[in-house]
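Just below is one structure, and these are the notes that go with it.
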Amino acid sequence: MLPAPIPGLEQPASGPLVDRFGRAHTYLRVSVTDRCNYRCTYCMPAVGLDWLPRAQVLSYEEVARLVRVFASMGVSRVRLTGGEPTLRRGIVDLVGMIARTPGVTDLSMTTNGHALAARANDLAAAGLTRLNVSLDTLDPERFAAITRGGNVAAVLAGIDAALEAGLQPVKINCVVIAGQNDGDLHAMVDHFAGRPGTQLRFIEYMPFEGNGGQKQHVPAAELRRRLAERHTLTPIERQGGGPSRDVRLDNGLVVGFISPITEHFCDACNRLRLQADGSLRTCLSRDDAPNLRDLLRGGADDAALEAAIRAQVFGKVAGHEAHVDGDFRVFEGVMTRVGG
Ligand code: SAM
Ligand code: SF4
């Protein structure tokens, strides 16, 4: 069920960042670049994209200022993403800047892990608290096919480095693509059960304009059924309003299911997305994104930025429509710009 507007609720001028459905937003994903060294089939076209010109991408000072404004309205959790965040020069400096922001208590990153081995220690020292690494299969050839050229050994080395740097838990994001890697479920589980400090999350494939919009998801219920053929699944109570529904397997591994298509979580959505060009996306599915960068560069003070953010968040849609009548609609835009 999608939430209904709360009758009589007016846009607040202070306090938590709520929308007209009464949802308070405490979590901000920041895409620091739209560029990537991989070309995952579910994320972007084989030829890549016309990357944003540098001048259109937020500078670190601009990101840090916007994060400060968001934090003053109750955003306490920030995740850096992309494109590939480890590719952006000086990313460790940005981590340090955001980690020092009053009110930000949790600073994480989602990465493809390719360049992580060389950076994990510096990221942890700068104040990163947690990491998600995307890995859809352990099979080198299948991995190279899905990522169009990726190196699974480099990613596994990155995960090891993150664990050694104390960035735990390292959550492994696995997008399950029907007919491609859904046969790797048990191999992934067995591997990460043997790597203390990791958790595994299976994500339903989302149809975006940027990936051709095909229907390729495997329902989370089907994944749970397949896991239950070999394991006992004990549900873990949800914490923090995140989208993952977690279970603990009898081998000790925590496995999460993120199911935007078949078991959407829009009613509890607490997230906002700042895209690399400074536009604020309030729902993953919609390109409703007025540009905060232009306001910033036009000389807006913090009060003007806050007012613009509050107005946009208050007007947020109830949710995406991927699940309407068991059908789905294609999400607007390209994932590498949105940041996942
Ligand atoms: N490059 C980094 C990475 O791959 O982790 C960060 C950016 S990526 C866009 C963020 C997350 O979105 C990744 O975990 C990726 O697997 C996921 N993702 C991308 N396209 C998706 C899609 N069509 N459906 C589901 N998840 C997707
Ligand atoms: Fe790059 Fe991440 Fe998109 Fe793959 S999912 S192409 S690694 S941004």
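The values are calculated or read from the model by the stated rules, or taken from the named source; none is laboratory data. Nothing here was measured: the structure is a model prediction, and the numbers come from that model. Note that each Cβ is placed from the backbone with ideal geometry, even for glycine, and that neighbours are counted across all protein chains shown. Please note that ligands, DNA and RNA were not included when accessible areas were found on the heavy atoms of the full protein model with its side chains. Shrake-Rupley method; radii C 1.70, N 1.55, O 1.52, S 1.80 Å.
Here are some notes:
- FRET efficiency, 1/(1 + (r/R0)^6) with R0 45 Å, evaluated for R100 and I236 via beta carbons: 0.90
- Potential lengthening of the chain between Q56 and L2 amounts to 16.0 nm, from the contour at 0.36 nm per residue minus the alpha-carbon distance.
- The range 149-275: C-alpha gyration tensor shape, a/c 1.5 cut-off, then a/b vs b/c: rounded
- The GNM of the chain, with springs linking C-alpha atoms under 10 angstrom apart, assigns the highest mean-square fluctuation among T101, T232, T26 to T232.
- Probe 1.4 Å, protein heavy atoms only - accessible area per residue of the chain in square angstrom: 41
- Computed from point charges on the beta carbon alone (+1 for Lys and Arg, -1 for Asp and Glu), the dipole magnitude for the chain about its Cα centre is near 400 Debye.
- Label point 7 Å beyond Cα of Q214 along Cβ direction - residues of the range 154-192 with amide nitrogen under 20 Å: 174-185
- In loop segments of the range 75-147 as defined by DSSP, the trypsin sites (Lys or Arg not before Pro) with at most 16 further C-beta atoms inside 10 Å of their C-beta are R89, R100.
- Remark on C36: its backbone amide H falls under 5 Å from those of E84, a criterion applied only to residues 5 or more positions apart or on other chains, H modelled at 1.01 Å from N.
- For the pair the range 83-153 and the range 12-61, the centres of their Cα atoms are 15 angstrom apart.
- Cα shape, the range 1-139, gyration tensor, a/c 1.5 rule: prolate
- For Q199, the residues whose modelled amide H falls within less than 5 Å of its own, excluding neighbours fewer than 5 places apart on the same chain, are V170, K171, I172.
- Ranking N181, L66, S134 by how far each Cα lies toward the positive end of the dipole of the range 27-338 (charges on Cβ) leaves L66 at the top.
- Alpha-carbon centroids, the range 212-237 and the range 253-285: separation in whole Å: 19
- Of V47, V313, V176, the residue with the greatest mean-square motion in the GNM of the chain, using alpha carbon springs below 10 Å, is V47.
- Per-selection Kirkwood Rh - the range 27-338 (Cα, Å, 1 d.p.): 19.9
- In nm, spacing of pseudo-spin labels at R286 and A311 (7 Å Cα→C-beta vector): 1.6
- The chain - Cys residues lacking any other Cys C-beta under 4.7 Å: C36, C174, C266, C269, C283
- Apportionment of accessible area to carbon and sulfur, the range 27-338, percent (1.4 Å): 50
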